[in-house]
Amino acid sequence: MANLNQVFIIGNCGKEPEMRCTPSGKPVTSFSVAVNSKFGETETTEWFSVVAWNKLAETCNKYLTKGQQVFVEG
């Protein structure tokens with residue numbers, strides 16, 4: 001029996017996306033997402049590292065900027 005895990009992350013880009021290419025020429029873009037939570041008086045920030053490949057990598061690099069709100073599904 002196979003397991004399926006899915007996440008939804010809604011937060012803000014922590015830094016400008018960084019795009020690079022693999023030795024075979026495939027684009028890869030990395031960026032971080034900060035998710036803020038508040039429980040009573042306590043505020044926390046959880047950081048997620050996101051990696052996008054191929055056409056999605058190019059789109060993320062072109063349109064995302066630091067501080068911009070982003071929704072990530074994966």
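The values are calculated or read from the model by the stated rules, or taken from the named source; none is laboratory data. Only a predicted model underlies this, so the values are computations on that prediction, with no experimental measurement involved. Every residue, glycine among them, receives a Cβ derived from its backbone with ideal geometry; neighbour counts consider all protein chains shown. All accessible areas refer to the heavy atoms of the entire protein, side chains included, with ligands and DNA or RNA removed. Shrake-Rupley method; radii C 1.70, N 1.55, O 1.52, S 1.80 Å.
Of all the residues that make up segment 1-16, how many are closer than 15 Å to LYS62 by Cβ and more than 9 Å from the chain's Cα centre (by Cα)? Spell out how you get there, then give the answer.
Of all residues in segment 1-16, those closer than 15 Å to LYS62 by Cβ come to 13, 16.
Then keep just the ones that are more than 9 Å from the chain's Cα centre (by Cα); that gives 16.
Counting residues in segment 1-16 that are closer than 15 Å to LYS62 by Cβ and more than 9 Å from the chain's Cα centre (by Cα) gives 1.
Condition first: assigned to a loop (DSSP other than H, G, I, E, B), closer than 20 Å to GLY74 by Cα and either more than 11 Å from the chain's Cα centre (by Cα) or among the hydrophobic types (A, V, I, L, M, F, W, C) (or both). Now tell me which residues in segment 17-28 satisfy that. Outline the logic, then answer.
We begin by selecting, within segment 17-28, every residue assigned to a loop (DSSP other than H, G, I, E, B); these are 17, 22-26.
Subset that is closer than 20 Å to GLY74 by Cα: 17, 26.
Within segment 17-28, LYS26 is the sole residue that qualifies.
Just name the residue that is nearest to ARG20 (Cα to Cα) out of those in segment 44-68 that are of a type in the set (Gly, Ala, Ser) and within 11 Å of the chain's Cα centre (by Cα).
Applying the first criterion (of a type in the set (Gly, Ala, Ser)) to segment 44-68 yields 49, 52, 57, 67.
Now drop any that are not within 11 Å of the chain's Cα centre (by Cα), which leaves 49, 52, 57.
Numbers: SER49: 16, ALA52: 11, ALA57: 9 Å.
Among them, the one singled out is ALA57.
Does segment 54-74 hold any residues that are out of contact with any strand residue (DSSP E or B) (no Cβ under 6 Å at 6 or more places or on another chain) and modelled with pLDDT of 95 or more, and which are they? Break it down into steps so the answer makes sense when it comes.
First pass over segment 54-74, keeping only residues out of contact with any strand residue (DSSP E or B) (no Cβ under 6 Å at 6 or more places or on another chain): 54-56, 59, 62-63, 65, 74.
Correct list: ASN54, LYS55, LEU56, THR59, LYS62, TYR63, THR65.
Name the single residue, out of those in segment 29-74 being in contact (Cβ under 8 Å) with a residue 40 or more places away in the chain and part of a strand (DSSP E or B), that is farthest from PHE8 (Cα to Cα).
Taking segment 29-74 and keeping what is in contact (Cβ under 8 Å) with a residue 40 or more places away in the chain, we get 50, 60-61, 64-74.
Now restrict to residues that are part of a strand (DSSP E or B): 50, 69-73.
On the way: VAL50: 12, GLN69: 13, VAL70: 10, PHE71: 7, VAL72: 6, GLU73: 5 Å.
Looking at the filtered set, the residue picked out is GLN69.
Filter segment 1-50 for residues that are closer than 20 Å to PHE71 by Cα and in contact with a Cys (Cβ under 6 Å, 6 or more places away or on another chain) and give the result.
Once the filter is applied, which keeps residues that are closer than 20 Å to PHE71 by Cα and in contact with a Cys (Cβ under 6 Å, 6 or more places away or on another chain), segment 1-50 yields PRO17, THR29, PHE31.
Inspect segment 2-11 for any residue being assigned to a strand (DSSP E or B), open to solvent by 90 Å² or more (accessible area, probe 1.4 Å) and either at pLDDT 95 or above or out of contact with any strand residue (DSSP E or B) (no Cβ under 9 Å at 6 or more places or on another chain) (or both) and give the result as yes or no. It would help to see each step written out before you state the result.
Step one: of segment 2-11, the residues assigned to a strand (DSSP E or B) are 8-11.
Now drop any that are not open to solvent by 90 Å² or more (accessible area, probe 1.4 Å), which leaves 8, 10.
From what's left, either at pLDDT 95 or above or out of contact with any strand residue (DSSP E or B) (no Cβ under 9 Å at 6 or more places or on another chain) (or both): 8, 10.
Yes, some residue in segment 2-11 is assigned to a strand (DSSP E or B), open to solvent by 90 Å² or more (accessible area, probe 1.4 Å) and either at pLDDT 95 or above or out of contact with any strand residue (DSSP E or B) (no Cβ under 9 Å at 6 or more places or on another chain) (or both).
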